[in-house]
Amino acid sequence: MRATALLAVLITASIAPAAERSPGDQFAIAIEAGDINKIKALVESGNSPDTPIVYGENQQTPLFKAAWDGKTDIVKYLLSKGADANFRTPDFGQTPLSQAVTRGFDDTVEALLAGGADPKGKDRNGYTAFALAVMGGHFDIAEILLKRGADVNGTDDYGNTWLMACASMGSQEGMRWLVSKGAAVDKVSQLQYGGSTALGTAARVGQAESVRTLLELGANPHLKMKDGSSALSKGQESKNEEVVEMIKAALAKAPPPAASKPKAATGVTGGAKAGSVRKPSPRP
């Protein structure tokens, strides 16, 4: 939708006489053409490097558009002239960095980071640039962001870990990459909703291949959440017979670990319901 709206703006702007084009339209056309000399002329004639490019009810900056288009030379120039590296769109809180990450432009990502872009910033849904890179399959960029302090066990604003997000969308490659980089396969999140893991999430949405992959990666099918739910009960909720049978087979294959005192930090135990505490045996 955004791309369609911007295209309409560009077409309209290109038809209009040059004298009637707004500075924002001129920036947009120059970026689209990769015309850095025109960009320089616009800035040197007094236009702000953050001149709004307006389309419909939304707006962006020249840096935002250049990042989306992967025009790294223009990105570097605009940053050198003081463009806001952390501009956020009013609607979804997207940034130039999130745009470059989404498109897979690693050179542009490097330029933005060097120019002060916040690698840990989140959009309105709580997704970081790292999360977008992993979910988009841009692992070279994810590696860059990992070196900048990205958290492989991070969560969005709803408590979904990046592993849970990949499990939900069926990204087997994303899950394997995250676990290879240290993501906890059995990390419990969303305690405010009773608790869940990546395996529980995959089971709940009926993602059979995600369930298979997580079990291969060592996910524990015996875990019970704070609300008493398990991967099996979540799979039964999804009514996906393949998922249910897969989890039943995993449960039968590996006996549950000995129940231990639940950890308050996770709200989960290996075999006993979280929140239950064993009474000590009477002394002889």
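A short reminder: the numbers here are calculations on the coordinates, not readings from a lab. Because the structure is predicted, anything quoted here is derived from the model rather than measured. Neighbour counts run over all protein chains shown; Cβ positions are idealised from the backbone, glycine included.
Things worth noting here:
- Exposure proxy ranking, count of Cβ atoms within 10 Å, fewest first, for Met225, Met135: Met135, Met225
- Above 18 Å, the calculated P(r) of the stretch 26-141 contains 45 percent of its Cα-Cα pairs.
- Given Lys120/Lys187; Lys181/Lys239; Lys120/Lys239; Lys65/Lys187; Lys147/Lys239; Lys65/Lys234, the pairs whose alpha carbons are separated by over 31 Å: Lys181/Lys239; Lys120/Lys239; Lys65/Lys187; Lys147/Lys239; Lys65/Lys234
- Between the alpha-carbon centres of the stretch 87-132 and the stretch 160-223 there is a gap of 25 Å.
- Principal semi-axes in Å for the stretch 185-254 [√(5λ), Cα gyration tensor, largest first]: 17, 13, 11
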